[in-house]
Amino acid sequence: MGVIGVTGHVNLTAGSVPLVRDALRALLGAHRGPGLVGVSCLAAGADCLFAEEVVAAGGGLVAVIPSRDYREAKVAPGQRAVFDRLVDVAAEVVVCGYETAGRAAYEAANRVLLERAERLVAVWDGEPPGGRGGGTADVVLEARAAGVPVDVVWPEGAARGD
């Protein structure tokens, strides 16, 4: 499978987390070891679950951070320990050239992710883009347009919260 990028929803319900984690573990299980490289922007929800499973499978992690202020501005206090741990274990950390987090920074991070990925895992409920750009559906459409294969992960019972 090689280099796999991830996009996915940040607002998974608590009950969805173990379902998504198990589905990601199953998907990545056949590719365990150092040949596996995961590329993630480390957003809450799907991005961090994927990154944790890549590391657990013995793969390398590339963290793509949208902006210099991303951790302070966008990572919730309760999520910072996970974010920090993943940044610490990442084989490479790429910080996009934006000072502040926002739509342009997220779109730039997604471009970096898609440039590096040979394949994309999308933890996605299949809903179309919301029209703001930079969301999960947008990344799926960009990947498909670029010829990057997409594996959609949305297990039975998964749901998004508010």
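The values are calculated or read from the model by the stated rules, or taken from the named source; none is laboratory data. In this text, all values refer to a predicted model and were calculated from it rather than measured experimentally. Counting neighbours? That spans all protein chains shown, and the Cβs are built from the backbone with ideal geometry, glycine included. Protein only, heavy atoms only, side chains kept; ligands, DNA and RNA dropped before computing areas. Shrake-Rupley method; radii C 1.70, N 1.55, O 1.52, S 1.80 Å.
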Subject >> Heavy-atom surface of the chain, accessible at 1.4 Å and reported per residue (Å²) >> reply: 46
**OP:** Grab the other residues whose beta carbon is less than 15 angstrom from that of GLY126, score K and R as +1, D and E as -1, and report the net.
**Re:** -3
Original post:
Where does the range 1-58 land on Rg(C-alpha)/(2.2 N^0.38 Å)?
Top reply: 1.04
Subject >> Approximate spin-label separation ASP88-GLU115, in nm, with each point projected 7 Å along Cα-to-Cβ >> reply: 3.0
**OP:** Could you go through the range 86-92 in sequence order and give the Karplus-derived ³J(HN,Hα) for each residue, using 6.51 cos²θ - 1.76 cosθ + 1.60 with θ = phi - 60°, rounded to whole Hz, and x for Gly and Pro?
**Re:** 5, 4, 5, 8, 5, 6, 8
Original post:
Using a Gaussian network model of the chain with C-alpha springs under 10 Å, which one of ARG21, ARG132, ARG32 is most mobile by mean-square fluctuation?
Top reply: ARG132
Subject >> Dipole magnitude (debye, nearest 20) for the chain, charges at Cβ of Lys, Arg, Asp, Glu >> reply: 100
Subject >> GluC sites (Glu not before Pro) within the range 60-129: DSSP coil, no more than 15 neighbouring Cβ in 10 Å >> reply: GLU99, GLU118
Subject >> Dipole of the range 9-162, positive end: most advanced residue of VAL139, ALA63, VAL123 [Cβ charges, Cα centre] >> reply: ALA63
Original post:
Leaving out ligands, DNA and RNA, what percent of the accessible area of the range 35-145 is carbon and sulfur, probe 1.4 Å?
Top reply: 50
Original post:
Under a no-solvent Debye model with one identical scatterer per Cα of the range 8-135, what's log10 I(q)/I(0) at q = 0.19, 0.22 Å⁻¹?
Top reply: -1.14, -1.52
Subject >> Positive minus negative residues near GLY59 (Lys, Arg vs Asp, Glu; Cβ under 9 Å) >> reply: 0
